[in-house]
1. Here is a check on your reading of the model: is LEU325 farther than 13 Å from SER216 by Cβ, in the same structural domain as TYR259 (by TED's automatic domain parsing), of a type outside the set (Ser, Thr, Tyr) and surrounded by 18 or more Cβ atoms within 10 Å (Cβ to Cβ)?
2. Of the residues that sit in segment 230-247 and are of a type outside the set (A, V, I, L, M, F, W, C) and surrounded by fewer than 17 Cβ atoms within 10 Å (Cβ to Cβ), which one is farthest from the chain's Cα centre (by Cα)?
3. Looking at GLU458, GLU424, GLU470 in this structure, which one is farther than 21 Å from ARG385 by Cα and either modelled with pLDDT of 80 or more or part of a loop (DSSP other than H, G, I, E, B) (or both)?
4. Only one of ASP133, ASP119 is over 14 Å from VAL56 (Cβ atoms), modelled with pLDDT of 80 or more and loosely packed, with under 13 Cβ neighbours inside 10 Å; which?
5. For segment 184-202, which residues satisfy the criterion of being more than 11 Å from SER257 (Cβ to Cβ) and assigned to a helix (DSSP H, G or I)?
6. Inspect segment 32-43 for any residue being part of a strand (DSSP E or B), modelled with pLDDT under 90 and touching a Cys at 6+ places or on another chain (Cβ under 9 Å) and give the result as yes or no.
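The values are calculated or read from the model by the stated rules, or taken from the named source; none is laboratory data. Since the model is a prediction, treat every value here as computed from it, not as a measurement. We place every Cβ from the backbone using ideal geometry, glycine too, and count neighbours over all the protein chains shown.
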Amino acid sequence: MADGSEAIWQQLSRLFVLSTFNRRLNSTLSTREVIRLGSRMAGDLLDLSGFALYVVRSGGDELELAYADEAVAACYDGAGQMAAGEGVTGQVLATGASCSVDGRLLAGAPRGEVVEGGDIPQGERLCVPVVSDRGEVLGVAHCHRAAGSVFSPYEHELIREIAADLGRALDRAWAFDKLRRGVIHDELTGLYNRIYLKERIEHELQQQKRYGTVFSLAFLDIDHFKAVNDTHGHAVGDRALCAIAERIRGALRGADSVYRYGGEEFVLLLPHTSGKEAAIAVNKVRAVIAEAGFAAGTEDGPLRVSVTGGVASAPADADSAERLLEIADRRLYAGKLNGRNQIIGREAASTLADSGRRQAARCTVALSATSATRRVVGLDVGPRRAEEPWLSCLVEDISHAGLRVNAPINPALGEDLPVRALLEDEIQGERVAITVTGRVVHTQLAADGGTSIGLAFEGEARSQWRQVFEAFYAA
């Protein structure tokens, strides 16, 4: 009867320990939390005098100490990293089999070398592989027992089950980490992408509102990048993007971060940095890029590129992610039209006539030309009704978000007005028409009898218009 009661008690105890352990581990997908919670709970639930955990590093043939209770930390001095087969820990990794050793044994030493003196538990130490459901060894757990005591067969089995549950939790957390890295990183450059950028900007905005801190961000755009692709090919363009990404990363301060926003655009996030300080820091990044070329793999030798950037800060410029990015983008394009290869911050923007609009000389669009491989050879407005023809116009002012033209019509404010641009590709010898619809935001009668019409492009229309804008001013 006593044996039966003992068996029932052990079974209930086992179920309690395992359910408690798994419930807590299943509450997180963070690798750091799985290691911290799993190690602490293993020590408490198994009534250990000490616990340590090694986890496998990338490649699978090395271990790294991830956790060690203070009571047994001396056993792991000088053994922060272990190779397969090295010491008792490496042997467990190499063989995948548990082993029992003296509790004072140094983790990286032969079996006979122990920690002398001190308060290290002198009882048994059970070293158990932490294994995934696929049979892959993910780590090695060290379970210390107090002096004069050894693990019972029941405890051996329970520890192996705990190690298996810890292995499943680690495997799940690592899979989530890998998935998250893929979601928030740009595949080409390895930089964070715009998805993670928005998350980090929101975090900085919360910090700013709670603690009154400041932060800045900067938009960077590679100058004449389309010409690089068109002249040297997209493979060279990709190498240029990777080289510039690496130089930006190397030139940033420790707390700063860089993101690939899309195409040839990058965003830098600078915590605890005012707009003036950010302009100085980002200008140093610009100088690093401009001063060094990179191997393009062509007969022309190293290819040199430059970047233009715009800086915005919170709370001085805006208090939302959208407005900060918009202001930085506007200042970037002010820099493009002011000569490129420069950084425009708040102070520099104030010296320009209007940093939010890109001024263009008054001329017929048919005479427009740029150094890009595409140029605009015609621009028409309308028709406002199906039966009306397209009408040629004169460009008065142009930006990446809007346009002001002189045309022989008089539309109403708020009216949608289509614009058709005819672009010629000088390499392919082809012409393509791009039609974009803008909203009329300004009208004024002109001296020549026409109407000066201001158009704003929003949403998808702004993305389409940007192709035309870049043909006017080779980005």
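1. no
2. THR231
3. So the residue among GLU458, GLU424, GLU470 that is farther than 21 Å from ARG385 by Cα and either modelled with pLDDT of 80 or more or part of a loop (DSSP other than H, G, I, E, B) (or both) is GLU458.
4. Within the list ASP133, ASP119, the selection yields ASP133.
5. Matches in segment 184-202: ILE184, ARG194, ILE195, LYS198, GLU199, GLU202.
6. No, segment 32-43 contains no residue that is part of a strand (DSSP E or B), modelled with pLDDT under 90 and touching a Cys at 6+ places or on another chain (Cβ under 9 Å).
Listed here are the residues, each with its yes/no results for (1) over 14 Å from ILE453 (Cβ atoms); (2) in a loop (DSSP other than H, G, I, E, B); (3) free of Cβ contacts under 8 Å to residues at least 40 places away in the same chain.
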position	(1), (2), (3)
VAL377	yes, no, no
ASP380	no, no, no
PRO383	yes, yes, yes
GLU387	yes, yes, yes
GLU396	no, no, no
LEU403	no, no, no
ASN406	no, no, no
PRO411	no, yes, no
GLY414	no, yes, yes
